[in-house]
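Heads up: the structure comes next, in structure tokens.
Every number here is computed from the coordinates shown, using simple stated rules; none is lab data. Note that the structure is predicted; figures quoted are calculated from it, not measured. In this analysis, Cβ positions are derived from the backbone assuming ideal geometry, glycine residues included, and neighbour counts consider all displayed protein chains.
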Amino acid sequence: MMNQTYNNTDSCQLKAELQFYLFPVVYCLVMILGLPANLGALWFFFRNRKQRTSSDVLIVNLTVADTSFLCSLPFRIHYHLQGNVWRLGKAACLFSGIAFHVNIYVSVLFMTSICVDRYMATVHPIVYLCLRNTCYTVIVSTAIWFLCALGVLLLILGAPNGQDTKCIQNNMYSDLGLYGNLCVLSVSLMLSAVILVCYPLVARRITHIRSDSANKARRIIYAIVAITLLCFLPYSTVRLLHFLYRVRYIESCAWADAFYKARSVTMALLSLNSCLDPLIYYFSRNQAKWSWPRLSWLQPKPVLPGSGTAETDGRTTVDISLRC
């Protein structure tokens, strides 16, 4: 028998019927659009090994997080089609939950790092040239994954036990789950505020700079701000309101039901970031680099010595020696 309500407290019954129809449709669309885009970005990254930059390392980590989330969507689709009853075991539940939370917080952290990287490359190019070694971004990436792992660990340890048919739920019932959610909510909102307040100012600061690096930085910053406004900020804001209800700062059942429905809509919007994040990689590359190969295994790839261009696969690829 399908569970038609989500029993939140003794006094309020929050209906979850919207999730049964909204999430499967949105998640299927996200998978169809997002998987090819992210796999294509990874393919381009590993194909151009000699042309990697520090920002590429950050972007590929973002792409890996998105791909993991997309691979977990079939489990979530099955869960919601079953009326929010989990029938796939604890291992699949753990993978689905970790992939979801990792996608949220790793994405925000890496997008913030990418904006900082682009700002340094454009406004402080001398300092950036000293720090552009990919070793620094590998260290930053490792630190981000470590911080995210700690946050996810808090959420997992605070999850309620003994609910074999429930998986994708808020784990705010225990004190550890409460503090874990408070920590990750605070970090998410703070980073979203940094992106929305600081980086438009950064884009304005580099508007007068006429260079490929500046244009690239502006495109990346505008893309990240748009993704934050559409996907992350609505979810974090509504989740904060839902959190206040969970800790009894808001006691109205009518408001609680409105927050719960809004949370479902913002979760659907949040999943769209996996489709939009590949745009960051696209904007970080030169457009000439994004022509798909045509029978490359059948055609020779001559390179003219001393030339600034190389003819490959019937197309011209511009070779830019200094890329930021």
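Listed values, structure above:
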{"read-out": "Distance (nanometres) between label positions extended 7 Å along Cα→Cβ at ALA143 and LEU88", "value": "3.5"}
{"read-out": "Hydrodynamic radius by Kirkwood, which averages 1/r over all alpha carbon pairs of the range 12-285, in angstrom", "value": "19.6"}
{"read-out": "Theoretical FRET efficiency, 1/(1+(r/R0)^6), r = Cβ-Cβ of LEU269 and CYS71, R0 25 Å, to 0.05", "value": "0.80"}
{"read-out": "In the range 12-285, lysine pairs closer than 21 Å at Cα, eight or more apart or cross-chain", "value": "5"}
{"read-out": "In the range 196-274, the chymotrypsin sites (Phe, Trp or Tyr not before Pro) that fall in loop regions by DSSP, at most 16 other Cβ within 10 Å", "value": "TYR249"}
{"read-out": "Full-stretch length increase - TRP255, SER211 - with 0.36 nm per residue and alpha-carbon distance subtracted", "value": "10.8 nm"}
{"read-out": "Stretchable slack from LEU185 to LEU150, in nm (0.36 nm times residue separation minus alpha-carbon distance)", "value": "11.2 nm"}
